[in-house]
Structure formats: C-alpha cells, structure tokens
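Input: a single structure, listed below in structure tokens.
The values are calculated or read from the model by the stated rules, or taken from the named source; none is laboratory data. This one's a predicted model, so the numbers in the text were calculated from it and none came from an experiment. Quick reminder, even Gly has a Cβ in these numbers, built from the backbone with ideal geometry, and neighbours come from all protein chains shown.
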There are 2 protein chains.
Amino acid sequence: MNASEFRRRGKEMVDYVANYLEGIEGRQVYPDVEPGYLRPLIPAAAPQEPDTFEDIINDIEKIIMPGAASPACTELETVMMDWLGQMLELPEAFLAGKAGEGGGVIQGSASEATLMALLAARTKVIHQLQAESPELTQAAIMEKLVAYSSDQAHSSVERAGLIGGVKLKAIPSDGNFAMRASALQEALKRDKAAGLIPFFVVATLGTTTCCSFDNLLEVGPICNKEDVWLHIDAAYAGSAFICPEFRHLLNGVEFADSFNFNPHKWLLVNFDCSAMWVKKRADLTGAFRLDPTYLKHSHQDSGFITDYRHWQIPLGRRFRSLKMWFVFRMYGVKGLQSYIRKHVQLSHEFESLVRQDPRFEICAEVTLGLVCFRLKGSNKVNEALLQRINSAKKIHLVPCHLRDKFVLRFAICSRTVESAHVQVAWEHIKEMAADVLQAEME
Amino acid sequence: MNASEFRRRGKEMVDYVANYLEGIEGRQVYPDVEPGYLRPLIPAAAPQEPDTFEDIINDIEKIIMPGAASPACTELETVMMDWLGQMLELPEAFLAGKAGEGGGVIQGSASEATLMALLAARTKVIHQLQAESPELTQAAIMEKLVAYSSDQAHSSVERAGLIGGVKLKAIPSDGNFAMRASALQEALKRDKAAGLIPFFVVATLGTTTCCSFDNLLEVGPICNKEDVWLHIDAAYAGSAFICPEFRHLLNGVEFADSFNFNPHKWLLVNFDCSAMWVKKRADLTGAFRLDPTYLKHSHQDSGFITDYRHWQIPLGRRFRSLKMWFVFRMYGVKGLQSYIRKHVQLSHEFESLVRQDPRFEICAEVTLGLVCFRLKGSNKVNEALLQRINSAKKIHLVPCHLRDKFVLRFAICSRTVESAHVQVAWEHIKEMAADVLQAEME
C-alpha cells in the first residue's frame, strides 16, 4: 500500500471506529456464535495473490464483528497460526486444524516463547520423574535439571534458565558457529554421568550474532532419543522459510517439540507478534492450568475451544491475529516471498561489494539478510570504524563478537530498502574506513 | 473527545503517519540527543486541567521525534511513571526523578508484574542466604522458600509461584475478605518453625472477586520486620487512588517493596499498560542482567539511563508511555478523578437499588465500581439467575464464589456508562429474577 492509499484507507478506518463507538448501544453485549464458528467462514490457507482492502474490511464486519472480541480473537489466532504454519510447511502435528494435538499461539517475544517452552519441559520432566519415584521433591529434581543451547544462542535463552531456576549450559559451536551432534552428545554424556538430568535443548536457526544455523538434522534425533524437549528459536530467520528455496533450513523441525519465530521481525507484521507452535498443546496448558470461578465459562470442557491464557505468561491478550490477517491478505504469499527474496538479494549485493575490496573480509556465511564483515586487522581498528560510522549518523550498525573478533553487522531490514541505499551505505562505509586507516597510519 | 473530534483528529494522525513515512529518508537514523534530554522538556507533573490536542501533537514533533524511538521511548516512560506515581501520592522512594533508588516501569499485565516481583525477591533471598552460608545450593534454598497471599488473591499469584518454582500458601482472609495480621503471623511462625523460609507476600488492594482490601497497615510492618518482600497487587483498584477521598486505601504502601496496578483497567489507557514501581530498582535489574555485545551501548554504565530490558520478561518493548501521556493530558488529573468518581457513584446507585429489594442481598462492602449481590436463597437459584441474564444477552455478568456462596458481580466499567444504563440493567435483572423465582415455585 503506497502513502496515498494509506491516507485514504487510514481515514476510512478512523470513520469505521467512530461509527462503531457511536452505534455501540445498538450492538449485543455477548455474541450469538458458537465455538468453532470462524474457521468455516474463511479459506483454509493464505491467498497466493493479494486480496483487496475492500474485501478485507467487508470480512471484518461479516466475520469478526459477530464474534466480537471473544471468541473471534482466539479463533482467528488459531486459524492464522495454521495459515502461517502451512506457509512454512510445518509438519501437520504442529497445526490445530488437523487431527493432531498441536497448535500455534502468538506470544509477545521470542524471550517469552523460550521461557514458556522451558517451563513446560520442566513441568513435564518433574511429573515424569515423580510418577516413577514419588518420594522425589520438585526441588531435588530441579537441582539436577540441565538445559542446553549453543554458545551462539541469544541471551534470552540464558535468561529463561535463570527465571526457570535451572542450569543452562552452552554447547561449543563449530567453525560455522553451529551446534553439532558431537559437542551436544559429549555434554549429555558427561552430565548424565555426573548424575544430572538433561531435559531441554534450544536450537537456534539464524543466530543474532551472524545468522548461523544449528544442525537440526543432527541435534533433533539426539533430543528425541534422549527424551529431551527440543525448542527451536528461529526468531529472525523463520520468516524466510515461507520461500521454498530457504525451507531446507528448517529441515529437522519434525524432531522438535516447540518452534518459534517473530513475524514482527521480517514478515511485515508490526511489533509485537511472536509465533510459537507446539506439537502437544497439553504440555503447555498442563503446566499452569488454573481455573477460578471468575474465569470459567460454559464451553471450557467442550474440547472445541482453545484457552490461550494457559499458553502464556500474561492473562489478558490483544487481538494481534488481525495484524497477521491483514498482512497475509494485503501481500498474498507471493508478495511476502518477494519481500524476503529482495532483502536476501540485497544482502548478497552488499556481500559482493565487500568481497571486491581487499581491505575487508566477510566473517560468516551470508544466508539471509545479514552480512558480518570487518576490516582485515585488529579489533581496535574495527571498533574505531564502527565508532566513526555510528557517529556520522548516516547509517547505523550494531556490532558483535565472533569468538575473539569484533565484527560489524550490516542488516537489511527496512520495508522500503532498495539497491541504491545499499550502494550509498557501502560508499559511506568505504569513506569512513579510509579515514580510520589513514588515522591509524599517522 | 467526542466522536466528531475523534474523526477529525484521527484523520490528522493518519496524515501525520503518511507524511512521516514519505519523508523518512530526510530524517537522521540516530538521534542527536543525550541521555536525560527529555525530562527537562516537559512539566514535572501531570496537568490538573486538560491540555488541547494541538498542544500535545506539537509536543510530539518537538519532544519525541528528536529522541526517535530511543531514548524517547524509555525516557517518556520513566517520566510518565513519575507523573502517575505523584498522582497516587506514592512515597518518593518509588519515583525515579527523586534522589532515591526506585522507579516505575510499564509491564504488559499484573501477572507479569507479580512474577517479576517474585523473581526479584527470590534472587535477593538466595543471594543473601548464600552470602551467609556459601555451601547452600540454589535448589536447597528454593525448596524451603514460601510465598504468601490471601485466599482471595488473583490466580495469577498462584501462577507466579508455579513459574518461580516456589511454594505459595494461601492466608485465610477475615469476614471482610481481607488478609489480617494474625493469620499472616500464624502462618509465618508455623512455617519458620518447620524450617521453611518465608520470602514474599502479595497483598491485594481490590480483589477480583469482591474488591476487598488486605489490611496493609497490619501486613506491611510484619513483612518489614520479617525481612520479607511485600508486593502490592492493586490491578483494578489502583486507579481510584488518584482521588484524595480514596487515597487512604493505599495507606501502608510505604512498607512495600513493589506496587502494581493496571491503568488499562480503569484509567482510560488502552490495553495493555500495567504500571509497576519498585523501591530499589537494583533488586529488579540485578536479578537478570545479561549484556551481550549486540545489546551494549555507549551510555550503559553512565548511571544516567534506564535499561528497561532488565526490568521485564521480554526484551523488546512498545512505546506504551505515549498512551499515558496523551490520556493524562487530554483529561487532566481532574478529568480522570471525575471519571473514577462517576463510576463509584453509579455502583452505589446500583447498590441502593439492590438494597431496596428485599429479595436480594449485598454480599460485600461496595467501595469502588463493583457490586457483589445475589438473591437470598440457594446457590442453585442464583446460578439459574445468572444463566438467564447472560442468555438474554442484554447485559453480561461474571460471577464468583465468596466462601460457599455463588455471587453475581455488577461491574461499572464502560467509558460511556450513565445512570440510565444502571437503571435499565436493574429493571432487567429484576425481571429475570421474577422469572427465575416463578419457575422455582412451579
């Protein structure tokens, strides 16, 4: 949608809201619909080609308003998570609309998704061990629980361990910054021999530092064999898996118990919207089900409905699936795929500019929209370069450490980025680099 | 703002956003401002009388845009939490702008605020005990930790205990559904004698079931004496404390370590916006501080800035303080006070209608906007009444249990509610009651 259509549609929406508020006394306080009303009213999958804005708005009045906030908010979320799961070709076990026991939920952030997965895994292993040995206390078990992630995993994984009160151990990644079978197996073996209880592994697809990928096809079977919960954190990279040419990066998801990525990062859905799927929803809801009278309702034991409050940390929820519905329909799957492809192409364009300049080096394989690069030379000169670039305020780069190397990260992430922006940025970086190298020689 | 002004202003906002997007390349990618730039630019307290919409919009361009999303998002939040804290007459120790060590943060929900408080308290007591006895493991301590709340506390408190992996015990409330000194003291004494470690108490001001108030002036000193973290959950009732005539309900907050209420419940700020203050921000941030390179920034050790990511479960944040800024200025403190007073007056109007009908009884003291009532008689007849009311779909009531009694709850909560609505609702309830009583006699 260009700015001129945005002006027109935005103003129509303002009128829609005002009309709603002016006419609110004419509306019923409680919907007439039955649980499950929504799914038959909308297509089973996201459209390939864009829908018109008119069609979407008409559907709001026809499909959402009769279901008010509840159950429409819940039911649209369940169906949108199925649409998105299908776009990623997730195994059917993760989808709510199939016969399986899985389903999706929108969390606020990948941090919350990792925490919920860890808590569910913790509860599950405690119940299992207490069923075998009723004399074991929760604390005695928790003292021995160990979670694992690669040494490249996001800090939120460590935080989930701290909150959950369990040990988290970092598995050394390989030369491509990926977690591999051998290192994980070694840790599991060592810890089990020491009497500890491995219960949870986080595999990262698209690390924050350099967008590396843990080896799911190696790690997954080990987790299954050891009966350890496998959670996949694909916060950034997940959006790319809607493109067939990137889907292979998700191979091995069939071994996972839970999977998460953030459509708010790279799928044009405004913050916040973090998509999480589980293979067995009972694992999540079983962990914290509490049903006081003021939260009971007549449908809760029907099996037809989803109570998302059991799937997350907060109780209240916003209607975030509306954002997904609008975006998926306004762009169509093909439009979203083009958007991803353009970003990946632009990052390769930047990569090739860097590779043509012998003063620079590429520090990690460029797979999606992130390029890790640096001046050949000391960390000091690269820190000076970053400082100079960010002080000039024409572009902004966020650095990282890869092993002992200080590395600059060029991230393609704007909705409106074009090749011209990449070219201008590179010219600017070269200029700043020349200044830094000059200063160093003086 | 009436619907016609909303139409005009809403459309101006759409144009503002479109202009912003069209002109975005002309803007600097990183702000020129220094940490702390924002506080001197805005008044030290919320206005008593409403500001005009023009004034507010002009301030957006003048005050927010130069600070972009960061640091404006953080700094406005800190100042808005100080404004709101002053409106509640919170002790200065809770305010960030004073010399103290405290401050406020916006959480998504009261559930998250309670959880963060419990986790901070858990970390603090573990550190304390390990400092005294380094041989103690975290698990050995956690096994003995006990948190407490009234038997009327919200289910999210129990959930925080489950997530935190600690015991939570319910303190029997008194005849007014309030937690009192004697019952708490008895529990503390019994548990300490059994070798357990009390570390956390949640006092509720305005319970979900019947809007009862734990006795802070009794409970607070006990917590301080026993060196137990006191968290106050005033999710609903907190908004009322901006009125001098209701502020006494908050007396005793000076004994608390953390305090929380939801402006999204009753202070006209749209969901979500849960306001939490702590007396010592280091207790919160110390619990989970993690600083990977990609999250470091040049100001982080300056002492001038607040990193809210250490204050909460998620990492990412939305610019929720803008909602507070707009609402506080559009209404002024007096406008917000009038809004609260009107709701309380309408609930007393409903209470008096109920009291005039000898078939009904009031089940708990009416203090704010909630009236708990029922037909004198069996739970069965009251369940039938609720069922009939909610099936008719003219109004909607959420019930609760008070001890063994099934109780109906009449909640004043709409922005546009008037006396006429209360009257219509009461006529409708009487009609439904007559039908139910008739059916019972047949």
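Some notes on this structure:
- Condition check for B:L375: away from chain A (no Cβ under 14 Å), touching a Lys or Arg at 6+ places or on another chain (Cβ under 9 Å) and not aromatic (F, W, Y): yes
- Only one entry of A:V79, A:V105 meets the criterion of being among the hydrophobic types (A, V, I, L, M, F, W, C) and under 23 Å from A:A153 (Cα atoms), and that entry is A:V105.
- Residues being among the small types (G, A, S), in a loop (DSSP other than H, G, I, E, B) and modelled with pLDDT of 65 or more - total across the range A:275-323: 1
- Being surrounded by fewer than 17 Cβ atoms within 10 Å (Cβ to Cβ) and at pLDDT below 95 is a description that does not apply to A:K376.
- Any hit, the range B:51-73, residues being among the aromatic types (F, W, Y) and under 22 Å from the mean Cα position of the chain (by Cα): no
- Residues in the range A:233-251 that are surrounded by 21 or more Cβ atoms within 10 Å (Cβ to Cβ) and outside any helix (DSSP H, G or I): A:D233, A:A234, A:A235, A:Y236.
- Condition check for A:A439: among the hydrophobic types (A, V, I, L, M, F, W, C), outside any loop (DSSP other than H, G, I, E, B) and at pLDDT below 95: yes
- Set side by side, the residues A:I429, A:I389, A:I395, A:I362 differ, and just one is surrounded by fewer than 19 Cβ atoms within 10 Å (Cβ to Cβ), among the aliphatic types (A, V, I, L, M), more than 25 Å from A:E245 (Cα to Cα) and not assigned by the TED database to the domain that holds A:A234, which is A:I395.
- Residue match in the range B:94-101 (condition: within 29 Å of the chain's Cα centre (by Cα), assigned to a helix (DSSP H, G or I), at pLDDT 95 or above and surrounded by fewer than 17 Cβ atoms within 10 Å (Cβ to Cβ)): no
- Residue in the range B:37-49 that is under 30 Å from B:G252 (Cα atoms), crowded, with 18+ Cβ neighbours inside 10 Å and out of contact with any His (no Cβ under 6 Å at 6 or more places or on another chain) present: yes
- The listed residue being free of Cβ contacts under 8 Å to residues at least 40 places away in the same chain, under 30 Å from B:M1 (Cβ atoms) and away from chain B (no Cβ under 14 Å), out of A:E54, A:E25, A:E92: A:E54
- Exactly one residue out of A:E25, A:E12 is over 30 Å from A:K98 (Cα atoms), part of a helix (DSSP H, G or I) and touching a Phe, Trp or Tyr at 6+ places or on another chain (Cβ under 9 Å), and it is A:E12.
- Among the residues making up the range A:345-358, those that are acidic (D, E) and either assigned to a helix (DSSP H, G or I) or assigned by the TED database to the domain that holds A:Y236 (or both) are A:E349, A:E351.
- Breaking point among (1) surrounded by fewer than 21 Cβ atoms within 10 Å (Cβ to Cβ); (2) within 19 Å of A:H248 (Cα to Cα); (3) touching a residue at least 24 places away in the same chain (Cβ under 8 Å); (4) of a type outside the set (G, A, S), for A:L353: (2)
- Subset of the range B:96-126 [without any contact (Cβ under 8 Å) to a residue 40 or more places away in the chain and either within 14 Å of chain A (Cβ to nearest Cβ) or touching a Cys at 6+ places or on another chain (Cβ under 7 Å) (or both)]: B:I126
- Candidates B:A3, B:A68, filtered to the one that is within 14 Å of chain A (Cβ to nearest Cβ), touching a Leu at 6+ places or on another chain (Cβ under 8 Å) and surrounded by fewer than 18 Cβ atoms within 10 Å (Cβ to Cβ): B:A3
- Options B:D59, B:D32: the member that is within 14 Å of chain A (Cβ to nearest Cβ) and either farther than 22 Å from A:C413 by Cα or touching a Lys or Arg at 6+ places or on another chain (Cβ under 7 Å) (or both): B:D32
- The residue that is farthest from the chain's Cα centre (by Cα), among those in the range A:153-164 that are surrounded by fewer than 22 Cβ atoms within 10 Å (Cβ to Cβ) and of a type outside the set (S, T, Y), is A:L162.
- Subset of the range B:359-418 (residues that are touching a helix residue (DSSP H, G or I) at 6+ places or on another chain (Cβ under 8 Å), in a helix (DSSP H, G or I) and not β-branched (V, I, T)): B:A384, B:L385, B:R388, B:A392
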